[in-house]
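Colleague: Pasting in a structure now, in structure tokens, and then I'll have a few things to ask.
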Amino acid sequence: MTHTPREIVVTVALGLPAVLGAGVFAGFGPAAGLAGWWVLPALAVSALAALCCAFSTADQSRAYPDAGGGYGYVRAQLGVWPARMTASAHLLGRCAMAAAVAVMFGAYVVPDQPLAGALALVVATALLGAAGFRFTAGVSAAVSVVVLGVLALVVASAFSIAPVVSAGETGTVNELFGVAGLMFVAFTGFERITAPLRGEKPHPVAALKFAIPILIGLSFVVCVAVGAGVLRQLGSARLALSPAPLRDALVAADAAALVPLVQIAAAVAGVSVLHFVLASAHRTLTGLTEDGELPTRLKPAVLTFVVVAATAIAVVLLPLATALSVAACSTLFYYAFTNASARVLLQNDRTWPMRTACLGLGLSVLLAMSMPIPALLLSLAGLGVGTGLVSLSASLRRRGAARRQHTPRA
């Protein structure tokens with residue numbers, strides 16, 4: 001099948017609004033606190049890991065078009081228990097990521113009441129999705145233009161004026177892989193094009209061969225430019241303390257007049273990324289329900305409420321840096337399972353070499369295990385608890401079905 005430049009552009013445009021979110025708007029603060037200027041080379045490691053993971057999910061989505069995302073792929077290839085762990089890691093990562101996006105929105109758009117703004121965004125985005133709103137190619141292109149345009153203004157402003165001498169620098173090269181894991185969240189929206197939701201038209205394989213590297217490559221260039229700009233203007237010490245790095249970089253560069261534009265971009269990016277994150281979590285819960293791992297009587301509205309409630313709890317309990325770290329760590333565990341699953345795909349179902357899945361598996365494990373200890377412990381605990389709860393639910397359903405089968409009818 002041939003591809004056209006238009007198909008590639010449309011595919012990339014659909015993916016960008018799911019990628020440009022909390023990572024580029026807020027991730028550089030926690031990252032700079034860990035590694036300082038080393039966050040910029042760490043982004044290359046993050047992008048490489050994301051590229052391998054994107055290849056794996058694209059291959060598996062083509063092989064199992066009706067599966068519920070990574071959970072469904074792992075269940076089909078590796079079995080029930082790995083699938084339960086995959087689902088748990090994904091749901092924890094999605095809830096933490098949704099919380100990080102919401103907190104980012106609150107810090108930029110409603111700085112006086114950030115918690116209220118964050119909770120309002122979660123509820124409003126969930127209602128928008130429940131009403132049937134979808135990010136079409138046209139809407140996605142408009143979002144991409146707005147966000148990329150504002151980010152370009154931020155970078156230009158940061159490099160147009162000499163910065164004030166920083167009071168000090170933070171971070172070391174020893175945290176290179178930990179920061180690479182943290183900044184992995186700046187690329188994870190690629191499933192918007194590699195594993196479309198049910199009812200969405202899959203993208204041609206020929207177009208994805210170009211669209212995936214372009215999407216990851218463009219995201220990498222944007223992140224490096226923004227990261228270099230805010231680091232230059234604020235320095236790693238000030239950046240590490242900033243809840244809204246892009247806004248503070250503009251103020252430091254004597255470009256405070258542009259702050260409202262950054263707030264608009266943060267709001268647009270927050271809604272678009274959060275919409276995808278909530279839909280992705282909902283898909284995993286739906287897959288668990290359809291496979292009998294959760295009560296089958298759970299309706300879509302109930303599953304939506306579960307996702308929103310879990311996200312709201314995470315917003316209240318987790319600071320931005322912790323939410324981003326847990327989101328990154330849990331998501332990396334999720335992709336470790338999906339890459340392991342992609343390794344055993346048949347050659348006929350494979351577009352990219354098996355070694356890309358092997359590299360993706362190795363990088364996912366390495367980056368996850370290099371994360372800050374609190375995030376790693378929270379992620380492992382959440383994975384264990386989630387897997388246990390799903391297994392308990394499935395066991396209770398089997399026992400209930402067995403009792404009903406052996407109960408004599410009156």
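Values in this text are rule-based calculations from the coordinates and carry no lab data. Predicted, not measured: the structure shown is a model, and the values here were computed from it. Virtual Cβ from ideal backbone geometry, glycine too; neighbours counted across all protein chains shown.
Colleague: Over its Cα atoms, what ratio of radius of gyration to 2.2 N^0.38 Å does region 326-370 give?
Modeller: Relative to the rule-of-thumb radius for its length, region 326-370 sits at 1.18.
Colleague: How large is Rg/Rh for region 9-96, to two decimals, with Cα atoms and a Kirkwood Rh?
Modeller: We get a ratio of 1.04 for region 9-96.
Colleague: Taking every pair of alpha-carbon atoms in region 62-108, give the share separated by more than 16 Å as a whole percent.
Modeller: The share of Cα pairs beyond 16 Å in region 62-108 comes to 51 percent.
Colleague: Still on this structure, I have one more. When the chain is fully extended, how far beyond the present Cα-Cα distance does A156 get from D112, taking 0.36 nm per residue of separation?
Modeller: Additional length available on full extension: 13.1 nm.
Colleague: With a Förster radius of 51 Å, plug the Cβ-Cβ distance of D254 and L128 into 1/(1 + (r/R0)^6) and report the FRET value to the nearest 0.05.
Modeller: 0.90
Colleague: Among L34, F159, L121, whose Cα projects farthest towards the positive end of the dipole of the chain, with charges put on the beta-carbon of Lys, Arg (+1) and Asp, Glu (-1)?
Modeller: Of L34, F159, L121, it is L121.
Colleague: Next question, about the same structure. Within region 328-369, list the residues whose amide N lies under 20 Å from a label point set 7 Å along Cα→Cβ of A206.
Modeller: The answer is 348-353.
Colleague: Right, another one. Just how large is the dipole of the chain about the Cα centre, in debye to the nearest 20, putting +1 at every Lys and Arg Cβ and -1 at every Asp and Glu Cβ?
Modeller: 1460 debye
Colleague: A further question follows. Can you tell me the orientation of helix 205-240 relative to the chain, as the angle in degrees between its alpha-carbon axis and the longest Cα principal axis, to the nearest 10?
Modeller: So the helix axis and the longest Cα principal axis differ by about 50 degrees.
Colleague: Over the Cα atoms of the chain, what radius of gyration and what Dmax do you get, in Å?
Modeller: 20.9, 86
Colleague: Turning to a different aspect of this structure: Nearest 10 degrees is fine. How inclined is helix 114-130 to the longest principal axis of the chain, computing both from alpha carbons?
Modeller: That works out to roughly 50 degrees.
Colleague: Additional query: So how do W352, W81 line up by other beta-carbon neighbours within 10 Å, fewest first?
Modeller: W81, W352
Colleague: Still on this structure, I have one more. Taking the alpha-carbon centroid of each part, what is the distance from region 1-38 to region 217-271 in angstrom?
Modeller: Distance between centres, Cα-based: 15 Å.
Colleague: With no solvent and one point on each alpha carbon, what is the Debye value of log10 I(q)/I(0) for region 339-403 at q = 0.13, 0.17, 0.23 Å⁻¹?
Modeller: Rounded to two decimals, the profile gives -0.64, -0.81, -0.90.
Colleague: While we're looking at this one, here's another question. What is the Rg over Rh value, at two decimals, for region 267-410, using alpha-carbon atoms and the Kirkwood definition of Rh?
Modeller: 1.05
Colleague: Let me ask something else about it. Tell me, how many Å apart are the Cα centres for region 93-170 and for region 303-329?
Modeller: The two parts, judged by their Cα centres, are 16 Å apart.
Colleague: Return the tail of the calculated pair distribution for region 75-207, meaning the percent of Cα-Cα pairs more than 24 Å apart.
Modeller: Beyond 24 Å sits 55 percent of the P(r) for region 75-207.
Colleague: What is the helix-to-structure angle for 354-369, meaning the angle in degrees between its Cα long axis and the longest Cα principal axis of the chain, kept from 0 to 90 and rounded to the nearest 10?
Modeller: 70 degrees
Colleague: Still on this structure: Taking other Cβ within 10 Å of each residue's Cβ, how do T289, T331, T338, T4 sort, fewest first?
Modeller: Starting with the residue having the fewest Cβ neighbours, the order is T4, T289, T331, T338.
Colleague: Tell me the mean residue ellipticity at 222 nm calculated for the chain from its helices only (DSSP H runs of n ≥ 4, each -39500 (n - 2.57), averaged over every residue, nearest 500).
Modeller: Helix contribution divided over all residues of the chain: -26000 deg cm²/dmol.
Colleague: If I model a spin label at L298 and L366 as a point 7 Å from the Cα along the Cα→Cβ vector, what separation in nanometres do I get?
Modeller: 3.6 nm
Colleague: Kindly put T351, T311 in sequence by how many other C-beta atoms sit within 10 Å of each C-beta, fewest to most.
Modeller: Ordered from fewest to most neighbouring Cβ atoms within 10 Å, T351, T311 come out as T351, T311.
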